[in-house]
Structures are given as structure tokens and as C-alpha cells.
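Notes follow once the structure below has been shown.
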Amino acid sequence: MKQLFKILFLIPRLIVNIIWSFLKTILVFTILILLLLFLISPNKDNFTSDISSQLRKIPSFFKSDLNLKEMGRKLATDSYQHQEGNRWETNSAKVYIASTNSTLKEAYQSAIENWNATGSFHFTIVSDQAAANIIATDHSDSQTQAAGVAETQTNALTNRISHVDVKLNTYYLLNEQYGYTQERIIHTAEHELGHAIGLNHNDSEASVMESSGSYHGIQPDDIAAVKKLYSS
Ligand SMILES: [Zn+2]
């Protein structure tokens, strides 16, 4: 009986010993590798930042395409919030398309056509940047979780919008790993232009102003919201 207990206790102890010696080996190897890297590093001052930048790459190494696609499905359109009722003086604005990427230019043009077709707001595309109320451009920003952004300048006294910079984020929209279709890119452009019109997010029903995903184009509720905003 005693013999049996001894054997039973021996097994977990053996496992712990194996794990511990494995960890020790890894530790020793890590120290050796770091030491070696330090010795061969041409610029000793940059050594620590080099190491930390290499370490930062490790998580992305394990991130599979599948995870990026999953992330792209849930990616926020943006984190836009402004005061209810902010709008242009009339339901029209001049847009200068500054983006030079053909996919994004086409997306902006489609989005503008789609908004104009609703009759609730009218965008005019202008070729003179200085004459524009809205600048439609792009940027590449990996630090944000947003596929686009609308930076709105509003007169705080009158609640009238005076200028908007709309930016589509190429980092997500044009990286096929995130799985954006042309349709969803157009929805993203429609969404940002929706902010430029004066709309806030709407997650309570099917809406182009849903805060993430860009799965809906302009919906009847969105048109009604614009008409209501400009009715007074
Ligand atoms: Zn938004």
C-alpha cells in the first residue's frame, strides 16, 4: 500500500520537475540570445528599443488571417459624437474629393450619388478645394479601431456646421486581410458623409449610421432623420 502511494506521488512530482527544468532551459536560452544580440548589435544605445520593437511583433505573428477578418467584421466605423441638432444652414454642401486612391474615390462618388438620390441632402462635387465645405480624403491609422472619421467644425453659438474633414482609413479598408468588400467601403463613405450632414450613430434599427460593421447602406430611417434635422 505504501509503495502504491509513493508511486502515485512520484508521477505529479515528476511532471512538475519536467516543467520546471523546461522553463529553466527557456530562461537560460533567452538570456543567452539577448546577450548574443547585444554583442552583435551595431548600435548599443538602440538595443533596448530594438528588442521591444521585436517583442511587439510577436502577437501579430500569432494573429491569423481569420482573426483579422473577424476583427474587420466588427470594426467600428468611428467614435463620432456631436451635439444633437448640429447641421448646415441648408441641406446642401460642396465636397472636394482629395483622396487619390481609385477605390476610395469611387466609393466617395457612389456614396455622394446615393445620398443625393434620397432627396434629403444634396452634395455637389467641386474641383476647387478652397471652395469646398467638406474635404473627403483618406489616411492610414493603425492606432485607431475605426474604419473612418469625420472631423466636424461647428459654430457653438448657432449649432451650424462650418467645415468637415472626412477620412477613410486605408489601413483597414484597403487591406484585404480585413475582408472589406467594395460595398462595405461605400457604406463606410456613406456613414462618414452622414456625420458630415449632421447625423449621429443609430444602433437601434437598420441604419447606415450603425456604429460598427458598415453592413447597411442608406435606410429609410436615415432619410427620415436627415429630413427631420433640416425641417426647421
Ligand atoms: Zn460614425
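Summarise the accessible area of the range 82-232 (1.4 Å probe, protein heavy atoms) by the percent that is carbon and sulfur.
Carbon plus sulfur share of accessible area: 44 percent.
Between Arg160 and Leu23, 0.36 nm times their residue separation minus their Cα-Cα distance comes to what?
So the chain would gain 43.0 nm between Arg160 and Leu23.
Ranked highest first by the average count of other Cβ atoms within 10 Å around their residues, in what order do 205-217, 120-132 fall?
Those peptides, ordered most packed to least, come out 205-217, 120-132.
Enter the accessible area of Lys227 (Å², nearest 10), with the probe set to 1.4 Å and all protein chains included.
The accessible area comes out at roughly 110 Å².
List, in the order given, every pair from Lys94/Lys167; Lys74/Lys227; Lys94/Lys227; Lys69/Lys94; Lys74/Lys167 whose Cα-Cα distance in the structure shown is over 23 Å.
Going by Cα-Cα distance, Lys74/Lys227; Lys69/Lys94 fall outside the 23 Å limit.
Determine the gain in length on full extension of the stretch Phe9-Glu183; use 0.36 nm per residue of separation and subtract their C-alpha separation, reporting nm with one decimal.
Between Phe9 and Glu183, full extension yields 56.4 nm more.
Considering the range 92-232, what Rg and Dmax in Å follow from its alpha-carbon atoms?
Computed over the Cα atoms of the range 92-232, radius of gyration and Dmax are 14.2, 45 Å.
Sticking with the crude label model, points 7 Å out along Cα→Cβ, report the distance from His122 to Gln109 in nm, one decimal please.
Result for the modelled spin labels: 2.1 nm.
Using a Förster radius of 22 Å, what is the FRET efficiency between Thr144 and Gln83 based on their Cβ-Cβ separation? Nearest 0.05, please.
0.50
The values are calculated or read from the model by the stated rules, or taken from the named source; none is laboratory data. Quick caveat: nothing in here was measured; it's all calculated off a predicted structure. Note: ideal-geometry Cβ built from the backbone for every residue, glycine included; neighbour counts use all protein chains shown. Side chains included, ligands, DNA and RNA excluded: accessible areas come from the protein's heavy atoms. Shrake-Rupley method; radii C 1.70, N 1.55, O 1.52, S 1.80 Å.
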